[in-house]
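What follows is a short report on a single structure.
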Amino acid sequence: MREKPRDSGIEKKRDEEAPGQREKCLKLRLQNGFSSSRRIENLELADIIDIQAIQPLMNDFYKLTHIPIGLNDLNGNVLVGVGWQDICTKFHRVHPETCKHCVESNIKLSLGVTPGEFKMYKCKNNMWDIVTPILVGDQHVGYVFGGQFF
């Protein structure tokens, strides 16, 4: 599984928030955004998904299909993932130069996918990925990645 780099200041603040406070804030932001034509600003995928709830679903999907799958935000951070090739998780994502290629590939090469469609591309570390966007309303908040084929 690819791991999301932690920004200790932001993560610490999120962890310290009262239970339910984030959910209330998000619910209001979503209601306001969908009740008008106004776009929800600064909506982060990590704010709207429950990673601990989704990870077991992804694990079950992988057990059933044997297809690696993950959810990434728009900054290339892996929020949920399972089944990735060892060359990716134990080398590419660990080595600074190849990790830079991973993030750059996830951000740049996955652009331009129409909602409801997918794109197959070869990352800068020579692995094939399949990607499709995640949208909330009309706002692009992340990607579903699958594959990792040589």
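Values as computed for the structure displayed
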| item | result |
| --- | --- |
| All positions within the range 47-60 that are farther than 20 Å from Met127 by Cβ and free of Cβ contacts under 8 Å to residues at least 60 places away in the same chain | Asp47, Ile49, Asp50, Ile51, Gln52, Ala53, Ile54, Gln55, Pro56, Leu57, Asn59, Asp60 |
| Candidates Val103, Val131, Val144, filtered to the one that is touching a Ser or Thr at 6+ places or on another chain (Cβ under 8 Å), of a type outside the set (Lys, Arg), outside any loop (DSSP other than H, G, I, E, B) and crowded, with 17+ Cβ neighbours inside 10 Å | Val131 |
| Unmet criterion (only one of (1) loosely packed, with under 15 Cβ neighbours inside 10 Å; (2) at pLDDT below 95) for Ile54 | (2) |
| In the range 106-126, the residues that are over 16 Å from the mean Cα position of the chain (by Cα), modelled with pLDDT of 90 or more and in a loop (DSSP other than H, G, I, E, B) | Thr114, Gly116, Glu117 |
| Which listed residue, of Thr89, Thr98, is part of a helix (DSSP H, G or I), in contact with a Lys or Arg (Cβ under 9 Å, 6 or more places away or on another chain) and modelled with pLDDT under 90 | Thr89 |
| Residues located in the range 57-81, provided they are under 12 Å from the mean Cα position of the chain (by Cα) and either exposed (fewer than 15 other Cβ atoms within 10 Å of the Cβ) or of a type outside the set (Asp, Glu) (or both) | Ile69, Gly70, Leu71, Asn72, Leu74, Asn75, Gly76, Asn77, Val78, Leu79, Val80, Gly81 |
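The values are calculated or read from the model by the stated rules, or taken from the named source; none is laboratory data. A quick note: this is a predicted structure, and the numbers were derived from the prediction, not measured. In this analysis, Cβ positions are derived from the backbone assuming ideal geometry, glycine residues included, and neighbour counts consider all displayed protein chains.
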